[in-house]
1. How many residues does the range 385-400 hold that are free of Cβ contacts under 8 Å to residues at least 12 places away in the same chain and among the acidic types (D, E)?
2. Does any residue of the range 112-129 turn out to be surrounded by fewer than 17 Cβ atoms within 10 Å (Cβ to Cβ) and either assigned to a strand (DSSP E or B) or without any contact (Cβ under 8 Å) to a residue 40 or more places away in the chain (or both)?
3. Does the range 209-262 hold any residues that are of a type in the set (S, T, N, Q) and open to solvent by 20 Å² or more (accessible area, probe 1.4 Å), and which are they?
4. L336 passes all but one of (1) closer than 30 Å to Q226 by Cβ; (2) touching a Gly at 6+ places or on another chain (Cβ under 8 Å); (3) not basic (K, R); which number fails?
5. Kindly provide the set of residues from the range 113-126 that are within 12 Å of the ligand (Cβ to nearest atom) and polar (S, T, N, Q), ordered by number.
6. Residues in the range 92-112 that are within 12 Å of the ligand (Cβ to nearest atom) and either among the acidic types (D, E) or under 16 Å from L221 (Cβ atoms) (or both): how many?
7. Is it true that G107 is over 19 Å from the mean Cα position of the chain (by Cα), open to solvent by less than 40 Å² (accessible area, probe 1.4 Å) and within 21 Å of D72 (Cα to Cα)?
Amino acid sequence: MDITTLTQKVLKDHDRQIQLSQRLAKVGYNSTIGKLLRLKSYYKEGFTILKAWRDFLYIRKEHIGDTFFAVDHAIMHADHAQVKKLMQVEPQVRSNDLGIIRIIDPGYMLNHPLSLGMNGQEHTGMRAIFKQALPNPLEQPDDLGRYIDRFLGDATKQGKLHIGDDLPRFMVKILHHLVFEISLTEEEVTASRAYIKGLPLASLPNFVSRGLLAFKTGPILKHRKQLAQRYQTSPKWATYVDIGKQYELTPEQIANGLFDMIHIAGTAGTSALMGSVIGVLCLNDSLQADVRQEIENLWPGTDALTGSCLQQATLLNNVILETARLYPPVRFVSQLATEAGELEVSGQKCPFHKGTRLLGSIFTANRDANRYQNPDKFSVTRDFSDLLSWNGDAHERVCPGKSLSIELIKVFCMYLLKQHQWQQFTEVKWDLEKVTAVTPNELELQGFIAKA
Ligand code: HEM
């Protein structure tokens, strides 16, 4: 669809959202008809977003403003100040949503809500288990280093490192190693990747996702059940169960919560960001040379990598943060309005109900010219103190894997740049239209070998 036709469509659909607000006020937000109307709107706009998410956001932002309706009549905030404020609300009320994606068929998660959608004690309990499960990367970076070294060694045998294929496989493996001390077989890793790729299936009605598409969802769900069972044989399992008991969480809840933490939050997010960092370094020779120099200065010989080395790698740190600003792996956060209210959009007053979804668009907020000068330009000298990519900082819903993901990417880049080289790389391209992960998926480092 050309941009003029798309613009007309996106704006016309927003006019319908405004009419919908009046209709919902009459028929009731949670009445059967109200739910159906919102679902219709969710699928209608969802299809546009699937193919042109960035244009969708910017058309509404430029023509309507920083606050507009989207998908299931949710209120979307698109600027830095409002998204930051939204993230800091405490306590937050959540429903079972994955950012912009509504989990319409919870059976895809074996009827366990995502931790993102939990509230109260259940959420506090899952957070306590995440905290226990995720190691402090600064304490033993050498353990991470050895794991990464073996993985990169395997890539040298293939003579290539493929961003879209190899990094997610690596992340699934290392997170199972860190959280459960278990090794996955190659078949299990393939099945875990299929689970992650199949996530949009959870947004289809049950009769489609597990009826018509049972040939797809069946094997994926079987894998999830089997892994959740395997977790219970881990030497770390008893500790997780002990913590869970304090919050009345069952073993099934714990295993499923950790499955989602590893697969959805950990693997998808971190492999996408790691791929983007490698893409940025491939495109910018002088930045890559400076990062190499920093690594050489901090870690000159063959001694074990230390936490202090990682802490002093400030340039590499800023490369990771700036990449996360421009290419945030998580693009939307979601919570529910705790009170009804009224919103003025396009000069019209629109009532909204308690329970209306409030969405924050991290991608547009991160490129807000009121917060960042030359927002589309890559710069490692910015003030990153209120970066939104990990859901901000210092509040209850901040990403629990923030420090691990940053330090893991640092160690990965250190081993990659210090001990390996490649002859050439394929095109570095971020697909900012299809709503897949924001990473240069097709990038491949070719002629990949260990340095002599
Ligand atoms: C080791 C890797 C990672 C792990 C284990 C991890 C884990 C998690 C978990 C378990 C949550 C849910 C927290 C809750 O329910 O309260 C979460 C939330 C979040 N994570 Fe991560 N994460 C990782 C990497 C990343 C990366 C690389 C990014 C982006 C740069 C990221 C961004 C976010 C955001 C924005 C949220 C909040 C989502 C929301 O509240 O809707 N995470 N993470």
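1. The number of residues fulfilling the criteria is 1.
2. Yes, some residue in the range 112-129 is surrounded by fewer than 17 Cβ atoms within 10 Å (Cβ to Cβ) and either assigned to a strand (DSSP E or B) or without any contact (Cβ under 8 Å) to a residue 40 or more places away in the chain (or both).
3. Within the range 209-262, the first condition is being of a type in the set (S, T, N, Q), and the residues that meet it are 209, 217, 226, 229, 232-234, 239, 246, 250, 253, 256.
Of everything in the range 209-262, those that are of a type in the set (S, T, N, Q) and open to solvent by 20 Å² or more (accessible area, probe 1.4 Å) turn out to be Q226, Q229, Q232, T233, T239, Q246, T250, Q253.
4. Among (1) closer than 30 Å to Q226 by Cβ; (2) touching a Gly at 6+ places or on another chain (Cβ under 8 Å); (3) not basic (K, R), the lone unmet condition for L336 is (1).
5. Listed by number, the residues that qualify are S115, N119, T124.
6. Counting residues in the range 92-112 that are within 12 Å of the ligand (Cβ to nearest atom) and either among the acidic types (D, E) or under 16 Å from L221 (Cβ atoms) (or both) gives 1.
7. On the way: over 19 Å from the mean Cα position of the chain (by Cα): yes; open to solvent by less than 40 Å² (accessible area, probe 1.4 Å): yes; within 21 Å of D72 (Cα to Cα): yes.
When the stated conditions are applied, G107 passes them.
Residue-by-condition table, conditions (1) open to solvent by less than 10 Å² (accessible area, probe 1.4 Å); (2) more than 12 Å from the ligand (Cβ to nearest atom); (3) of a type in the set (S, T, Y); (4) in contact (Cβ under 8 Å) with a residue 24 or more places away in the chain:
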| residue | (1), (2), (3), (4) |
| --- | --- |
| S346 | no, yes, yes, yes |
| L359 | yes, no, no, yes |
| R367 | no, yes, no, yes |
| D383 | no, yes, no, no |
| K402 | no, no, no, no |
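The values are calculated or read from the model by the stated rules, or taken from the named source; none is laboratory data. Fair warning: this is a prediction, and the values are worked out from it, not measured in the lab. Here the Cβ is made from the backbone with ideal geometry for all residues, glycine too, and neighbour counts use every protein chain on show. Surface areas here come from the heavy atoms of the whole protein model, side chains and all, with no ligands, DNA or RNA. Shrake-Rupley method; radii C 1.70, N 1.55, O 1.52, S 1.80 Å.
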